[in-house]
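Engineer: One structure is given below, represented as structure tokens, and several questions about it will come after.
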Amino acid sequence: MGGEEPEPDFESAPETDPRARLLGARVASSLRVEPERWERCAGSPEARPLLRAFLDGDPAKRLLLVTPGAGGQLALADRLALAPGTGRSGKGVFLLRLTPGPLRSPPAPGHLLYGDLCSAPLEHLAALVEEVVVPLLGNQKNHPSWPHVVSQDIVHHICNLKSSVFVVVGQIKGKTLLPLPTDPERDAYIDSDNEKNTELVDKSIVHAIESAVIEWTHQIQGVLKRESSEPLLQGQDPSPKVELDFWKSRFEDLQCIYSQLKARRVLTMMELLDRVQSTYFPAFRSIFRDVEAALVEAHDINVHLKPLEHPLEEIENVEFNELKPLLNRVLHVVCLIWATSKYYSTPARIIVLLQEICSLLIQQARTYLNGEDLLKAETEESLGKVQTTFDIFNYFKQTFEERRDNLSTYFQPGLEAKEWDFPSVMVFARLDNFLERLHVVNDLLVTALDIEKLEKLEFSGIKGKSLSQQVLSMYEEFQEVYKVFSDRTYDCLDVANMEFEDDVYDFKEKVEDMDRRLGTAFAQAFDDAASIEHAFKLIDIFGSLLERPLIAADAYAKYHLLITMFDRDLDDAKLIYLKHIQEELELGCPTVHRNMPLVAGGIRWAQELKDRIQIPFSNFRHATHLCLDSAEGKRMVQKYEDLMEMLENWCQFCEK
């Protein structure tokens, strides 16, 4: 039908939708910006789903906000942020879909509401309530024809609205504002100092003041009950800056509350409650004392925590591998706080501070290590960073224990020293959890560094070519297994990441199978070794691989053969020595090197025989995994020492 409204194209891109262009024209007109800025905003990946949901009638996306963003660009949002520090620099536009279903082009009357949004909507609302709503609706002279009950109810709700807005504005600014009774007639009475006769006091005035005291008590108790440990108890990982900011804002908030309670008008209200002997007067006096005590406490703690600001900022700004001197300074200041602050020297509070320092160090370590790329970078470089991290954390723990043991030196002479009698695990629980994950990463890197040696591993002997091919095949297999970590995008240092734990479990299973095969290859190559020199060369080639438990199990079974082989070489050397001595006795002079004099030739012969047994024996000394404490080993050592002594005696005989 020619009179029907055309259906909008729901499949087109949001920025090309005629409905979006209509909204853009209204936004550009209201904000006085070029249409191109709206088109860029509507076409951005962040804005497209919001705009599409608004146009297509998503019940959860009925509101759309267009606000100035960074660099003069526009930004879309579906909710208004009221948190501190999120205020906008200019006005915005709100678009509200009033009916269910998709938006039409053009919108039917009553389907779309739009208008300007000021840069500080809450302050705008507060000013509107204070200067417009309360004077108009709160004044009973403006509704003379209304029933008295209705008039009173309207005034009551208007007063409650003003108080609520007043309190919320204070919360946004980080302050606790205490709302005063707002009835103009009551205000005039409260401000008067002339009335002293309690019998003439209107009970509604007393009731209004008592109601205010009740509300103040709830507000103030809420402030007094807050603890700096709440983020930790909620499972967050706050830094020490959170602790310092908490006590600074708490001190300022309590100062604000105290100044309000000391205001002349509030004191007049309390004098009135005292005169009429209200049961709420003792409660007010008690809450006043609590605020005074909390203010003194917050001031003491805020003053003593200030010296921590500078070293903590330095920790955040310097390279992680340069932290050691700063850790010493931070713990020194913490000990001074414990010894000098009257209110912060309790285990509960100092533990919170130390835990937050640990959280800061973990945060800096994760930034330094870059968990997303740690297993993708060069293995030696990553392993070096991990070892540096272990070194710094161990230094921090060691320094903590040293400070704990010497806390008495921080107290003035004559004062009783209070010790840190809490267990260290209460401070280092999260740090130890992080270090446990870091040990897993370290094991992965060590394994990768060990297996990389297989690429250049070459065997000699009859089976050398076959074994070399097997090992190279295992190296290529390992590269495929280890590639899993380089393909992942997660942070391997995130202790809450269970996907990494699953990958590590699968990796370890495959590496264990590879270690068993490497152990078998080592055993075969050892059996194929032609001499003890070849056997020790094989051990040297495998190097740190022999420290891996499964390979070490196969290798350990072969170590006793080294003693047997060397024992046989010692026997051969002794036979050579005895034969040489026999020639001396039979011929009168032993065989020496050609063109060498008799004495020098004899000494040279003895030196060569010593080298023949001394060099292999030194391999036993340098190989820590070869145990010479067994009975067989001790006999071999004794035989070696006896032969060396005989050769030394022969050298001395030749020199004479």
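The values are calculated or read from the model by the stated rules, or taken from the named source; none is laboratory data. This structure is a prediction, so every number in the text was calculated from the model and none was measured. For neighbour counting, all protein chains shown are included, and Cβ atoms are generated from backbone atoms with ideal geometry for every residue, glycine included. We work out accessible area using only protein heavy atoms, side chains counted, and drop any ligands, DNA or RNA first. Shrake-Rupley method; radii C 1.70, N 1.55, O 1.52, S 1.80 Å.
Engineer: Which count do you get for residues in region 515-552 that are open to solvent by less than 30 Å² (accessible area, probe 1.4 Å), outside any helix (DSSP H, G or I) and over 20 Å from residue 613 (Cα atoms)?
Structural biologist: Total satisfying the criteria: 0.
Engineer: Test residue 382 against the criterion of being open to solvent by less than 40 Å² (accessible area, probe 1.4 Å) and under 30 Å from residue 522 (Cα atoms), and give yes or no.
Structural biologist: yes
Engineer: Here is a follow-up. So residue 496 passes all but one of these: (1) loosely packed, with under 15 Cβ neighbours inside 10 Å; (2) part of a helix (DSSP H, G or I); (3) small (Gly, Ala, Ser). Which condition number does it fail?
Structural biologist: So residue 496 meets the others, but not (2).
Engineer: How many residues are farther than 24 Å from residue 344 by Cβ and not β-branched (Val, Ile, Thr) if we restrict to region 289-322?
Structural biologist: Counting residues in region 289-322 that are farther than 24 Å from residue 344 by Cβ and not β-branched (Val, Ile, Thr) gives 5.
Engineer: Go through region 327-373 and count every residue that is open to solvent by 60 Å² or more (accessible area, probe 1.4 Å), among the aliphatic types (A, V, I, L, M) and under 19 Å from residue 415 (Cβ atoms).
Structural biologist: Of the residues in that region, 1 qualify.
Engineer: Mind checking which residues of region 556-566 are in contact (Cβ under 8 Å) with a residue 60 or more places away in the chain and crowded, with 16+ Cβ neighbours inside 10 Å?
Structural biologist: 559, 562, 563, 566, listed by residue number.
Engineer: Moving on to the next point. Does residue 277 fit the bill of being outside any helix (DSSP H, G or I) and either open to solvent by 10 Å² or more (accessible area, probe 1.4 Å) or more than 30 Å from residue 362 (Cα to Cα) (or both)?
Structural biologist: The answer is yes for residue 277.
Engineer: Further question: Just give me the residues in region 394-432 being open to solvent by 80 Å² or more (accessible area, probe 1.4 Å) and assigned to a helix (DSSP H, G or I), in sequence order.
Structural biologist: Scanning region 394-432 gives 394, 398, 402, 405, 409, 425, 426, 430.
Engineer: Look through region 433-491, keep the residues that are under 23 Å from residue 509 (Cα atoms) and of a type in the set (Gly, Ala, Ser), and return whichever of them is least open to solvent (accessible area, probe 1.4 Å).
Structural biologist: By that ranking, first place goes to 448.
Engineer: Looking only at region 619-643, count how many residues are modelled with pLDDT under 70, among the hydroxyl-bearing types (Ser, Thr, Tyr) and open to solvent by less than 70 Å² (accessible area, probe 1.4 Å).
Structural biologist: Number of matching residues: 1.
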